[in-house]
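Below: the structure, in structure tokens.
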Amino acid sequence: MNNPILLIGKPGSSKTVFLSQLYLRLQKQKSTLKLYDQVPNLSLIIDALNELADGKEPTPTHSEQSLDFMLPIQSDGQRFDLICPEYGGEQVNQIIINRELDNRWKTAVSNSNNWLFFIRLSEINKAEDIADITPNANNVTPIPRDEDHILSDQVFYIELLQILLFYKFNDYHFKNAKVRLTVALTCWDELQTKDKPEDYLKKELPLLHSFINANWETNNWSILGLSAQQFRLTDKASQDKYAIEGPEKFGFLIDKDGNRTDDITQLIVNAVL
Ligand SMILES: Nc1nc2c(ncn2[C@@H]2O[C@H](COP(=O)(O)OP(=O)(O)OP(=O)(O)O)[C@@H](O)[C@H]2O)c(=O)[nH]1
Ligand SMILES: [Mg+2]
């Protein structure tokens, strides 16, 4: 049985690290989910697997790459083939620039009722808040020109969801019960918070939280924290930990109640209908 998950995330949002760590967890049998067969297209993540095993951060995925990564998964005796695209996140930026999906994305959106939405909150840009500007007669802030206009990430994510919902023929009269939406706040280790993931999103991106809450059935969406890598691999001590103990020893998930588990495959359990 095929069970396509649409993984949606901007560049640098941890897509490749997550798919690599997910594969390693499954392969080393360190999770509730298991593989029931060989993974057919491992070449898609082989460079990232090698880099992580050497304690190096993976190279960004080529923006042209857009291929499906398939994992034959077994859960409680049930088998399903998880299909998840591995692509350069620059494509997501292009969706917002062009306000449309190319054919591959159209097919992916129409085939999947499980959307896994990656947001790296440590890297978001926020719109300038007028309340933060102190008027000063000697230093008048120039009025921004049109070409200076940049979407805040919060608006970016809402626009993106609206575009995806448009191609899913969403009827805004009803709350969404068809597409299961799982928001993963990635690189959770960088946030240094004890908040529950939903509380944190509400604090950081309140409009996005309201948009999702207003448009999805309560039991059809959730927010989790994900740290697929657990820490940056920029210093020698961290690199050595990866190289000596193995990447699969690291990474964790924060469930919606704020509890931590090392079994990051639970994100898939949560994301699949
Ligand atoms: N601290 C920390 N860094 C992470 C984590 N996951 C990924 N990173 C780092 O963030 C950067 C981006 O991660 P990738 O997995 O390549 O992101 P991506 O979404 O595949 O990016 P593109 O391929 O450009 O679309 C890399 O330098 C990773 O090492 C994490 O959980 N914690
Ligand atoms: Mg990538």
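Is it the case that residue 116 is within 17 Å of residue 165 (Cβ to Cβ), over 14 Å from the mean Cα position of the chain (by Cα) and either surrounded by 14 or more Cβ atoms within 10 Å (Cβ to Cβ) or without any contact (Cβ under 8 Å) to a residue 40 or more places away in the chain (or both)?
no
Given the conditions (1) crowded, with 17+ Cβ neighbours inside 10 Å; (2) of a type in the set (Val, Ile, Thr); (3) free of Cβ contacts under 8 Å to residues at least 60 places away in the same chain, which single one is not true for residue 254?
(3)
Please verify whether the stretch 90-110 includes one or more residues that are touching a helix residue (DSSP H, G or I) at 6+ places or on another chain (Cβ under 6 Å) and farther than 17 Å from residue 166 by Cβ.
no
How about the stretch 19-34: which of its residues are open to solvent by 40 Å² or more (accessible area, probe 1.4 Å) and within 27 Å of residue 180 (Cβ to Cβ)?
Answer for the stretch 19-34, where residues must be open to solvent by 40 Å² or more (accessible area, probe 1.4 Å) and within 27 Å of residue 180 (Cβ to Cβ): 27, 29, 30, 32, 34.
Go through the stretch 189-202 residue by residue and tally those that are away from ligand 1 (no atom under 11 Å from the Cβ) and in contact (Cβ under 8 Å) with a residue 40 or more places away in the chain.
The qualifying residues number 7.
Restricting attention to the stretch 72-84, which residues are within 16 Å of ligand 1 (Cβ to nearest atom) and either out of contact with any strand residue (DSSP E or B) (no Cβ under 8 Å at 6 or more places or on another chain) or under 22 Å from residue 158 (Cβ atoms) (or both)?
none
Can we say residue 186 is open to solvent by less than 60 Å² (accessible area, probe 1.4 Å) and without any contact (Cβ under 8 Å) to a residue 12 or more places away in the chain?
Against the criterion (open to solvent by less than 60 Å² (accessible area, probe 1.4 Å) and without any contact (Cβ under 8 Å) to a residue 12 or more places away in the chain), residue 186 does not qualify.
If I ask for residues that are over 20 Å from residue 189 (Cα atoms) and open to solvent by 60 Å² or more (accessible area, probe 1.4 Å), which ones from the stretch 215-249 would you list?
Hits for the stretch 215-249 are 217, 218, 219, 244.
Among residues belonging to the stretch 56-95 that are part of a helix (DSSP H, G or I) and open to solvent by 10 Å² or more (accessible area, probe 1.4 Å), point out the one that is farthest from ligand 2 (Cβ to nearest atom).
94
Please indicate, with yes or no, whether at least one residue in the stretch 8-15 is part of a strand (DSSP E or B) and at pLDDT 90 or above.
yes
On the given criteria, is residue 41 over 20 Å from the mean Cα position of the chain (by Cα) and either at pLDDT below 90 or within 12 Å of ligand 2 (Cβ to nearest atom) (or both)?
yes
Does residue 16 fit the bill of being open to solvent by 50 Å² or more (accessible area, probe 1.4 Å) and within 8 Å of ligand 1 (Cβ to nearest atom)?
no
Applying the selection to the stretch 218-256, what residues are at pLDDT 95 or above and in a loop (DSSP other than H, G, I, E, B)?
If the condition is that a residue be at pLDDT 95 or above and in a loop (DSSP other than H, G, I, E, B), then 228, 229, 230, 231, 232, 233, 234, 235, 246, 250, 251, 255 are the ones that fit.
Just for the stretch 22-38: of the residues that are assigned to a loop (DSSP other than H, G, I, E, B) and touching a strand residue (DSSP E or B) at 6+ places or on another chain (Cβ under 6 Å), which one is nearest to ligand 2 (Cβ to nearest atom)?
Filtering first and then ranking leaves 33.
So, residue 74, is that one over 19 Å from residue 13 (Cβ atoms) and touching a Lys or Arg at 6+ places or on another chain (Cβ under 9 Å) or not?
Judged against the criteria, residue 74 is a match.
Just to be sure I understand, how many residues within the stretch 1-21 are among the hydrophobic types (A, V, I, L, M, F, W, C) and away from ligand 2 (no atom under 13 Å from the Cβ)?
So the answer is 3.
If you go through the stretch 230-237 one residue at a time, do you hit one that is among the hydrophobic types (A, V, I, L, M, F, W, C), touching a residue at least 24 places away in the same chain (Cβ under 8 Å), within 21 Å of residue 14 (Cα to Cα) and within 16 Å of ligand 1 (Cβ to nearest atom)?
Yes; the residues of the stretch 230-237 include at least one that is among the hydrophobic types (A, V, I, L, M, F, W, C), touching a residue at least 24 places away in the same chain (Cβ under 8 Å), within 21 Å of residue 14 (Cα to Cα) and within 16 Å of ligand 1 (Cβ to nearest atom).
The values are calculated or read from the model by the stated rules, or taken from the named source; none is laboratory data. Please read all numbers here as calculations on a predicted model, not as lab measurements. Note that we place each Cβ from the backbone using ideal geometry, even for glycine, and neighbour counts take in every protein chain shown. All accessible areas refer to the heavy atoms of the entire protein, side chains included, with ligands and DNA or RNA removed. Shrake-Rupley method; radii C 1.70, N 1.55, O 1.52, S 1.80 Å.
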